[in-house]
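The values are calculated or read from the model by the stated rules, or taken from the named source; none is laboratory data. Everything quoted here is computed from the prediction, not taken from an experiment. Ideal geometry is used to build each Cβ from the backbone, glycine not excepted, and the neighbour counts take in all protein chains shown. Each accessible area value is taken on the protein alone, full model and side chains, heavy atoms only, with ligands, DNA and RNA left out. Shrake-Rupley method; radii C 1.70, N 1.55, O 1.52, S 1.80 Å.
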Amino acid sequence: MNTLPELLAEVPQRGRVRWLGVRPQSREAMLEPEAVEARREAGLTGDHARPGPRNARQVTLIQWEHLAVVSALLGREITPADLRRNIAVSGINLFSLKGRRFRIGRALLETTGWCQPCARLEQRLGPGTFQAMRGHGGITARVIEGGIIRLDDEVRVEPA
């Protein structure tokens, strides 16, 4: 029988990049490239996120499977672009990446926290969005090693 620490340390799943998005300016429409460059301590090329090693929100990721949950709770289809996240990933539980480093394509990222919903999301998408998103907002990360990230790239946890 495995102990809890052993279960937490083992992440056998491998995910896939299902969607990519960058925000050239705050509050502008998202661009949906097929590939994007992740830059060390700076985030994604073309995204307006503030660069620097102290920025814990260089990249935002959301669980592809959670889009169906949020859509069901709101009674309408919600896309990653609606939620203003950078990367939508399927096949791996993003919460299992807590405190971990992981590779997407050539880039190495490190989880920095949960991506909580904000009041602006409620203003943009309507009443109930904030509550529907609670627990489904995804994670924030910083880029440790730069590299290209493409649609359908594998997401895998680095050994501890």
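For this structure, a couple of remarks:
- Length released on extending from Leu4 to Ile144, taking residue separation times 0.36 nm less the Cα-Cα span: 47.6 nm
- For region 1-157, the share of alpha carbon pairs falling in successive 5 Å distance bins from zero is 2, 10, 19, 23, 20, 14, 8, 3, 1, 0, 0 percent.
- Loop-located GluC sites (Glu not before Pro) in region 1-74 whose Cβ has at most 13 other Cβ within 10 Å (DSSP): Glu10, Glu28, Glu34
- In region 103-146, the portion of solvent-accessible area held by carbon and sulfur atoms comes to 48 percent [1.4 Å probe, whole percent, DNA, RNA and ligands not counted].
- Where the alpha-carbon atoms of region 55-145 are placed on the principal axes, they occupy 39, 27, 19 Å, in descending order.
- Projected-area average for region 1-91 over all orientations - Cα convex hull basis, square nanometres: 8.2
- Loop-exposed trypsin sites (Lys or Arg not before Pro) per DSSP, neighbour cap 13 Cβ within 10 angstrom, longest uninterrupted part of the chain: 99-133
- Couplings 3J(HN,Hα) of region 114-126, computed from phi: 8, 9, 7, x, 10, 4, 4, 4, 4, 5, 6, 10, x Hz, in residue order, whole Hz [Karplus 6.51 cos²θ - 1.76 cosθ + 1.60, θ = phi - 60°; x for Gly and Pro].
- More than 16 Å apart - percent of Cα-Cα pairs taken over region 97-160: 56
- A straight chain from Thr45 to Leu31 at 0.36 nm per residue would run longer than the Cα-Cα distance by 3.9 nm.
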